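What follows is one structure encoded as structure tokens, with my remarks underneath.
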Amino acid sequence: MGVEVVKVSAKGQIVLPMEMRKAFSISDGGTLAVFATDQVIVLKPIELPTAEEFSGWLEDAQAWAKKVGYKKEDIKGVIKSVRRKNKK
């Protein structure tokens, strides 16, 4: 596949070459995650969950929270705790 050179439009858009879109199964309306570090930009094809999948995950999380005894008023404290832990 190699390296391809593309131009950025006035709207900040680029066109991915057809060979790359086929190789990574990127179709019209496909979703890409964009990562940037220093002087490097990386595009990674991703699949977002459907509304039904997300709803199922939310129900699972709510059931778990209820099982372990979390209440709505605990949310802020849990978020603060996780943020403190991630800063370390």
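Quick look at the values:
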| read-out | value |
| --- | --- |
| Region 39-78 shape via C-alpha gyration tensor axes, a/c threshold 1.5 | oblate |
| Share of Cα-Cα pairs in the chain lying beyond 21 Å, as whole percent | 59 |
| Cα-based helix-to-principal-axis angle, 51-68 vs the chain, degrees rounded to 10 | 30 |
| Crossing angle, helix 75-87 versus the chain [Cα axis fit, 0-90 degrees, rounded to tens] | 50 |
| Cβ-Cβ FRET estimate between TRP64 and LYS87, R0 fixed at 25 Å, reported to 0.05 | 0.50 |
| FRET efficiency, 1/(1 + (r/R0)^6) with R0 35 Å, evaluated for VAL42 and VAL78 via beta carbons | 0.65 |
| Whichever lysines have a C-alpha closer than 30 Å to that of LYS85, once near sequence neighbours (fewer than 8 apart) are set aside | LYS44, LYS66, LYS67, LYS71, LYS72, LYS76 |
| Charge dipole of the chain about the Cα centre (unit charges at C-beta), most positive-ward option of ALA10, VAL42, SER27 | VAL42 |
| Nonlocal amide H pairs with LEU32, under 5 Å, H built at 1.01 Å | ILE46 |
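Laboratory data are not the source of any read-out in this text; all were calculated from the coordinates shown. The model shown is predicted, which means the values in this text are computed figures rather than measured ones. Neighbour counts run over all protein chains shown; Cβ positions are idealised from the backbone, glycine included.
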